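Visitor: Quick one: the structure is below, questions incoming.
The values are calculated or read from the model by the stated rules, or taken from the named source; none is laboratory data. This structure is a prediction, so every number in the text was calculated from the model and none was measured. All Cβ positions, even for glycine, are placed from backbone atoms using ideal geometry, and neighbour counts span all protein chains on display. For accessibility, only protein heavy atoms count, side chains too; no ligands or nucleic acids. Shrake-Rupley method; radii C 1.70, N 1.55, O 1.52, S 1.80 Å.
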Amino acid sequence: MSTVRSPGGAEALLADGTTVEIRPLGPDDHGAVLGLHADGMSEESRRMRFFGVSRNAPRQAADRLCGPPRTGLLALGAWAGEELVGEADCELLDEPPDTAELALAVADRWHHRGVATLLLEHLVHAARAAGVRFFEADTLGGNHAVHQVFADLGLPVERRYAHGELRVRVPLDENDERYRSAVDERGRSADVASLAALLRPASVAVVGASRREGSVGRTVLTRIRRGGFAGALWAVNPHADEIGGVPAYPSVAALPAVPDLALLAVPVGAVPGVAEECGAAGVRALVVLTSGLGAQEARGLMRACRRHSMRLVGPNSLGMAQTDPAVRLDAEFGGAFPRPGTAGVAVQSGGVGIALLSRLAWLGIGVSSFVSLGDKYDVSGNDLLQWWESDDRTDLALLHLESFGSPRAFGRTARRVTRSIPVLTVDAGRSTAGRRGAASHTAAAATPTVTREALFRQAGITATRSIDELVETAALLRAQPLPAPRGAVAVVSNAGGIGVLAADACAEAGLGLPELPAELGKLLPPGASVRNPVDTTAAIGPTELALFLRALEREPAVDAILVCLVPTALGTTPAQDPVRALLEGPARRRVPIAAVLLDQQVPVRYRTCADGGVLPAYSDSVAAARALGHARDRARWLAEAPSALAVAPDCDRRAVRSLVDGYLTAHPDGGWLDPLSTADLLGAYGLPLTASVWAHDEHMAVAAADGLRPLGHEGKVALKAYWPGQVHKSALGAVRTGLGTEAEVRAAYREFTERFGTELTGAVVQPMAAPGVELLAGVVQDQVFGPLVVLGAGGTAADVLADRSARLAPLSEHDLTAMVAELRSAPLLSGAAGTPAVDLAAVRSVLARLSRLADDFPELVEADLNPVILRPDGAVCVDTRVRLERRPSFDPYLRRLRRPAAAEGE
Ligand code: ADP
Ligand code: MG
């Protein structure tokens, strides 16, 4: 490592939910650092906290940290408003290599609030990005204190003797899942602590509540009052003493007490000022209902929130609701007050929120908390997921998100939350046109839809395609048990044609219909068929059907039951109505049961059974089958043990780092690597590349071919013309395969010269690989989602076949299995299509290495390996392309609050 780059500033939450800013220390901070060490800390804390040896005096510390910028020093400060509450720094040692000396100080009155761990997390991130691999500290200040800090942090501590002294050594291994989990856990509890003022406030003020009925502020105020809010409620309005029965005050500062939460319904221009006023008064959370903020207002609002440690919902929010009887806050201007229940709902678009709440209300699904996120400057879906995870009242999460601020962090949170409660989302924005004119097969495959699907799948999120599908699926998940992961459905209908349609719907939802034992037929009327779908005929009565269902639910081959009933002339009297068979039975059975009632007027509703439980009834079997399909997917997700990250041993990170830095220094705008550098880069991560020799004239090509021919299949070589900026070579006649003789090589090279003229910079000579199955493997970095790894059917027809699977890096072992299994051409690999089975371990290894490479190097914006030729004895890539671009090192798991784009810039 030569230079240490300083990271930019970021805001993050302390354990109690307070916001602090973490930013690099500089010469301007000398006074603050001096103050921290001299006044902020007792003699005892100085002794305990100073890990560094050269730290005897506060002035020395300030001089060391705030002198002119020094190579090898990284120093971060944590600021609460204008106060420096802690600092953490590390400075590279001459020996041992990649090791930095660590020091840390926290002001006494800020102890036990997580300042040290937060600072260290940020320092670990910055140090890793700068190539530091170990922290060291001496143990003078008390072995115990050092150990405790690192034990809290989740990093292992080793001991080392140096110059007769015991030193502690902390390896900063980047794939340390224990550390990441510890960071997650701290993030969750800090987040929940910070959200309490928003979601369980004891007092609320509506700022900008006008006397005019029908205005936003007035409407929200009235709703809070009518909703029976359990805490104190005030209005802020300079022109009234009372609004709609609520006492009003001229300003936030004039309120009788500081409200936990303020709802802002003021004009756009007043938003920053009012936010600042709230913050200065000590308000802990804001919901901004105002919309249409410009950049200046956005910045002012964010600044006030961060400086005064307020969480923010909106702007452009419809409000929020908390149905807990101890709170009862209905602070929104959408539909009716949601009835209390167990579904957590968060929406980005207010309109979707209204639609969703009204459907849930109609269906009878109650809500625990509802938040209209609006423009999501701060509080996002990620925050709500963590809140619901910690909230005993919530057992189902419904999200509508149009955009993702930090999808990787969201995915990581969701992966944990979906283990305990179902998380359902509407996948919005599917129709965005794919990347047109993509320069590689991998990029062509990485459409926004594919990327989002990968995120949802890896996180165990139930992604639906419409609000209706979301509600239909929620109806099943909430009321019925999950099926076994196999998801075998018995379809029962009293009209044959209806049963066939339902069977088709099941097949389309990926659900199998098992064969049923013939003896079940004895329970059915004459003429009935017990083949699945079961046709009971219209002659079946409620008693017979109830008996049949009871037998079916005990049948081991059956994981779910779909009962489709049409009213027939035979069942017109209540006593004959087959629906009674369902309603008089238990609502919850061994397997989930969904009804399709073809005369039902609404898409889904609950029918109450004799035992008081409910059964979801759909008007169409497509909706019912889709809901069962989602339930089966969830069962599979839960059955799968959380899988370890895929391992890719022996990757030479240092070699690739120097290659990447070298290329980007020479090409600041980035670009495609030449074939030899591509091979060096991929080779350093152990990707199986065919031998390639570069030739810039005919003579060299012939010599190279002579050397490579013995390695080639049937003693032959391939010759590929090269010029910078080339895209698909074979379409342009730039690939010659199966060259067996010197004359053929000569002729091929000459033809290249004639065809491509001065553009041609040379050619690559390779041994011919033995034929096998051609796959495509690659990586694309999405600016927002991070790296996406793609596997697909390969060769020159890759784009036409469009047979692909994709997952976001880092891949787990399970992802590797799923990616291969998902391909339509998977049978070609397993030997099921009559071809010999290929070396699947080799495919997995290619994917794991690409994942690690992309995760380690955000600069690798595109890598395309096509084809990877697979055979029973291994894999070899014969065509590789890599594009690099300057990208900041970014740890998606670092704890920091978002900085909305709308409020960026000065
Ligand atoms: P491009 O994808 O740019 O058209 P490739 O280098 O992938 O060019 O070559 C096109 C096709 O030629 C490959 O899909 C593969 O079928 C075949 N091919 C290329 N190089 C070799 C090789 N060394 N051994 C065997 N087949 C090869
Ligand atoms: Mg190719």
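Visitor: Mean projection of the alpha-carbon convex hull of the stretch 781-829 over all orientations, in nm²?
Guide: Details: hull surface 15.6 nm².
Mean shadow area of the hull around the Cα atoms is 3.9 nm².
Visitor: From zero outward in steps of 5 Å, how is the percent of C-alpha pairs of the stretch 768-854 spread across the bins?
Guide: 3, 14, 25, 25, 19, 9, 3, 1, 0
Visitor: Moving on to the next point. For Lys729, which lysines qualify as cross-link partners when the Cα separation must be under 28 Å and same-chain residues fewer than eight apart are set aside?
Guide: Leaving aside lysines fewer than 8 places away in the same chain, those within reach of Lys729 are Lys716, Lys720.
Visitor: With +1 on each Lys and Arg Cβ and -1 on each Asp and Glu Cβ, how big is the dipole of the stretch 833-906 about its Cα centre, in debye rounded to the nearest 20?
Guide: Working: 12 positive and 12 negative charges, 53 e Å.
With only Lys, Arg, Asp and Glu charged at Cβ, the dipole is about 260 debye.
Visitor: Give the distance, in whole Å, between the Cα centre of the stretch 449-508 and the Cα centre of the stretch 194-225.
Guide: Computed from Cα coordinates, the inter-centre distance equals 39 Å.
Visitor: Next up: Kirkwood Rh, the stretch 476-565, all Cα pairs: how many Å?
Guide: Values: mean 1/r = 0.0761 Å⁻¹.
Taking the inverse mean of 1/r over all distinct Cα pairs, the stretch 476-565 comes out at 13.1 Å.
Visitor: Could you please state how large a percent of the accessible area of the chain is carbon and sulfur, counting protein chains only and using a 1.4 Å probe? Before the final figure, lay out the partial values.
Guide: Values: 18850 of 35490 Å².
Answer for the chain: carbon and sulfur cover 53 percent of the accessible area.
Visitor: Also, quick follow-up: Return the aspartates and glutamates within reach of Lys522: Cα separation strictly under 17 angstrom, same-chain partners fewer than 8 residues apart disregarded; answer none if there are no such residues.
Guide: Result set, ordered by chain and number: Asp535, Glu544, Glu553, Glu555.
Visitor: Also, I was wondering about something else. For the chain, state the average projected area of the convex hull of the C-alpha atoms over all orientations, rounded to one decimal in nm². Write out the running numbers ahead of the final one.
Guide: Working: hull surface 181.8 nm².
Averaged projected hull area, Cα only: 45.5 nm².
Visitor: Let me ask something else about it. Tell me, what ³J(HN,Hα) does each residue in the stretch 691-706 have, in order and in whole Hz, if you take phi through Karplus 6.51 cos²θ - 1.76 cosθ + 1.60 with θ = phi - 60° and put x for Gly and Pro?
Guide: Per-residue couplings from phi come out as 5, 9, 10, 8, 9, 9, 8, 4, 4, 4, 4, 5, 4, 4, 4, 4 Hz.
Visitor: Which three semi-axes in whole Å describe the equivalent ellipsoid of the stretch 63-167, each the square root of 5 times a Cα gyration tensor eigenvalue, listed largest first? Before the final figure, lay out the partial values.
Guide: On the way: eigenvalues 94, 64, 33 Å².
Semi-axes, largest first: 22, 18, 13 Å.
Visitor: I would also like to ask the following. Which three semi-axes in whole Å describe the equivalent ellipsoid of the stretch 536-662, each the square root of 5 times a Cα gyration tensor eigenvalue, listed largest first? Present the calculation step by step, with values, prior to reporting the outcome.
Guide: Details: eigenvalues 491, 53, 27 Å².
Result for the stretch 536-662: semi-axes of 50, 16, 12 Å.
Visitor: Based on alpha-carbon atoms only, what is the radius of gyration of the stretch 804-906 relative to the globular estimate 2.2 N^0.38 Å? Working shown, then result.
Guide: Working: Rg = 17.8 Å, N = 103, 2.2 N^0.38 = 12.8 Å.
Against the compact-globule rule of thumb, the ratio is 1.39.
Visitor: Report the gain in length on full extension from Ser529 to Asp176: 0.36 nm times residue separation, minus Cα-Cα distance, nm rounded to one decimal. Please report the intermediate quantities before stating the final value.
Guide: Working: separation 353, 0.36 × 353 = 127.08 nm, distance 5.76 nm.
Length difference between fully extended and current span is 121.3 nm.
Visitor: Moving to a separate point now. Keeping all protein chains in place and using 1.4 angstrom, which order do Thr665, Thr323, Thr880 fall into by accessible surface area, from largest down? It would help to have the intermediate numbers written out before the result.
Guide: Working: Thr665 105, Thr323 0, Thr880 35 Å².
Descending order: Thr665, Thr880, Thr323.
Visitor: Place +1 on the Cβ of every Lys and Arg and -1 on the Cβ of every Asp and Glu in the chain, take the dipole about the Cα centre, and give the residue among Pro767, Leu628, Ile593 whose Cα lies farthest towards its positive end.
Guide: Ile593
Visitor: Restricting to DSSP H runs of at least four residues, report the calculated mean residue ellipticity at 222 nm for the chain, -39500 (n - 2.57) per run over all residues, nearest 500 deg cm²/dmol.
Guide: Working: 27 runs with 312 residues, N = 906.
The helix contribution divided over the chain gives -10500 deg cm²/dmol.
Visitor: Extension gain Trp362-Glu885, at 0.36 nm per residue separation less the Cα-Cα distance, in nm? All intermediate terms of the calculation are to be shown ahead of the outcome.
Guide: Working: separation 523, 0.36 × 523 = 188.28 nm, distance 5.18 nm.
Here the segment from Trp362 to Glu885 would lengthen by 183.1 nm.
Visitor: Say the dipole of the stretch 297-341 comes from +1 at the beta carbon of Lys and Arg and -1 at that of Asp and Glu; which of Gly300, Gly319, Pro338 then lies farthest toward its positive end?
Guide: Going by the charge dipole, the pick is Gly300.
Visitor: If contacts are Cα pairs under 8 angstrom and at least 6 residues apart, what is the relative contact order of the chain in percent? Walk me through the numbers on the way to the answer.
Guide: Values: 1968 pairs, mean separation 75.3, N = 906.
With pairs under 8 Å counted, the relative contact order is 8 percent.
Visitor: Taking only the C-alpha atoms, wrap a convex hull around the stretch 303-357 and report its volume per residue in Å³ as a whole number.
Guide: 101
Visitor: Averaged across orientations, what area in nm² does the convex hull of the alpha carbons in the stretch 291-421 project? Intermediate values should be presented prior to the final figure.
Guide: Working: hull surface 33.2 nm².
If you wrap the Cα atoms of the stretch 291-421 in a convex hull and average its projections, you get 8.3 nm².
Visitor: With only alpha-carbon atoms in the gyration tensor, what are the semi-axes of the equivalent ellipsoid for the stretch 498-543, in Å, largest first? Please list the in-between numbers first.
Guide: Numbers: eigenvalues 93, 32, 11 Å².
One finds semi-axes of 22, 13, 7 Å for the stretch 498-543.
Visitor: Here is a follow-up. Between Glu242 and Ala270, what's the calculated FRET efficiency when r is the beta-carbon distance and R0 is 25 Å? Round to 0.05. Please report the intermediate quantities before stating the final value.
Guide: Values: r = 22 Å, r/R0 = 0.87.
The value I calculate is 0.70.
Visitor: Can you grab the distance from the C-alpha centre of the stretch 320-340 to the C-alpha centre of the stretch 522-599, Å, no decimals?
Guide: If you average the Cα positions of each part, the centres end up 40 Å apart.
Visitor: Another question, then. When the dipole is taken about the Cα centre of the stretch 701-810, and only Lys, Arg (+1) and Asp, Glu (-1) are charged at their Cβ, what size is it in debye, to the nearest 20?
Guide: Numbers: 10 positive and 11 negative charges, 14 e Å.
For the stretch 701-810, the charge dipole is close to 60 debye.
Visitor: Grab the beta carbon distance between Ala162 and Thr835, set R0 = 45 Å, and tell me the FRET efficiency rounded to 0.05.
Guide: Details: r = 60 Å, r/R0 = 1.32.
Efficiency, from the Cβ-Cβ distance: 0.15.
Visitor: A further question on this structure: If you count the DSSP beta bridges with both ends in the stretch 595-745, what percent of them are antiparallel, to the nearest 5?
Guide: Details: 8 of 10 bridges.
Of all bridge pairs located within the stretch 595-745, approximately 80 percent are antiparallel.
Visitor: Next question. Would you kindly derive the ³J(HN,Hα) couplings of the stretch 817-834 from the backbone phi angles with the Karplus curve 6.51 cos²θ - 1.76 cosθ + 1.60 (θ = phi - 60°), listing them in order in whole Hz, with x for Gly and Pro?
Guide: Listing the rounded values in order: 4, 5, 4, 5, 5, 6, 5, 5, 8, 3, x, 5, 8, 8, x, 6, 9, x Hz.
Visitor: Output ³J(HN,Hα) for the stretch 215-227: one whole-Hz value per residue in order, computed from phi by the Karplus curve 6.51 cos²θ - 1.76 cosθ + 1.60 with θ = phi - 60°, and x for Gly and Pro.
Guide: For the stretch 215-227, the Karplus-derived couplings read 6, 4, x, 5, 4, 5, 4, 4, 5, 4, 5, 5, x Hz, x marking Gly and Pro.
Visitor: What's the magnitude of the charge dipole for the chain around its Cα centre, counting Lys and Arg as +1 and Asp and Glu as -1 at the beta-carbon? Answer in Debye, nearest 20.
Guide: Roughly 1520 debye for the chain.
Visitor: Compute the distance from the alpha-carbon center of the stretch 230-244 to that of the stretch 369-429, in whole Å.
Guide: Cα centres, the stretch 230-244 to the stretch 369-429: 33 Å.
Visitor: Separation between the Gln60 and Asp706 pseudo-spin-labels, each 7 Å from Cα along Cα→Cβ, expressed in nm?
Guide: Taking the two extended label points, one gets 7.0 nm.
Visitor: In addition: Pop out the Kirkwood hydrodynamic radius of the stretch 633-763 from its pairwise C-alpha distances, inverse of mean 1/r, in Å to one decimal.
Guide: 17.6
Visitor: Please report the antiparallel percentage of DSSP beta bridges with both residues in the chain, rounded to the nearest 5. Don't skip to the end; give the middle numbers.
Guide: Values: 93 of 149 bridges.
In the chain, approximately 60 percent of DSSP beta bridges are antiparallel ones.
Visitor: In nm, to one decimal, how far is the Ser403 label point from the Tyr893 one, both placed 7 Å along Cα→Cβ?
Guide: Between Ser403 and Tyr893, the label points sit 2.7 nm apart.
Visitor: Here's a follow-up. Please give the contour-minus-distance gain from Ala507 to Glu584: 0.36 nm per residue of separation, less the Cα-Cα distance, rounded to one decimal in nm. Intermediate results must be reported in sequence, preceding the final value.
Guide: Working: separation 77, 0.36 × 77 = 27.72 nm, distance 2.95 nm.
Here the answer is 24.8 nm.
Visitor: Relative to a virtual label point 7 Å from the Cα of Thr568 in the Cα→beta-carbon direction, which members of the stretch 595-626 show backbone nitrogen distances below 16 Å?
Guide: 597-599
Visitor: Something else about it: Send over a whole-number figure in Å² for the accessible area per residue of the chain, probe 1.4 Å.
Guide: Numbers: 35490 Å² over 906 residues.
That works out to 39 Å² for each residue.
Visitor: Put +1 on the Cβ of every Lys and Arg and -1 on every Asp and Glu Cβ in the chain; which of Leu894, Phe370, Ala230 then has its Cα farthest towards the positive end of the dipole?
Guide: Ala230
Visitor: If you bin every alpha carbon distance in the stretch 389-517 into 5 Å steps from zero, what whole percent lands in each bin?
Guide: Histogram of Cα-Cα distances, whole percents per bin: 2, 9, 14, 18, 18, 14, 11, 8, 5, 2, 0, 0.
Visitor: Between Ala193 and Ala254, what FRET efficiency follows from the Cβ-Cβ distance if R0 is 30 Å, with the result rounded to 0.05?
Guide: Numbers: r = 29 Å, r/R0 = 0.95.
FRET efficiency, Ala193 to Ala254: 0.55.
Visitor: Another question about this same structure. Say each of His667 and Ala336 gets a label point 7 Å from the Cα, pointing the same way as Cα to Cβ; how far apart are those two points in nm?
Guide: 6.3
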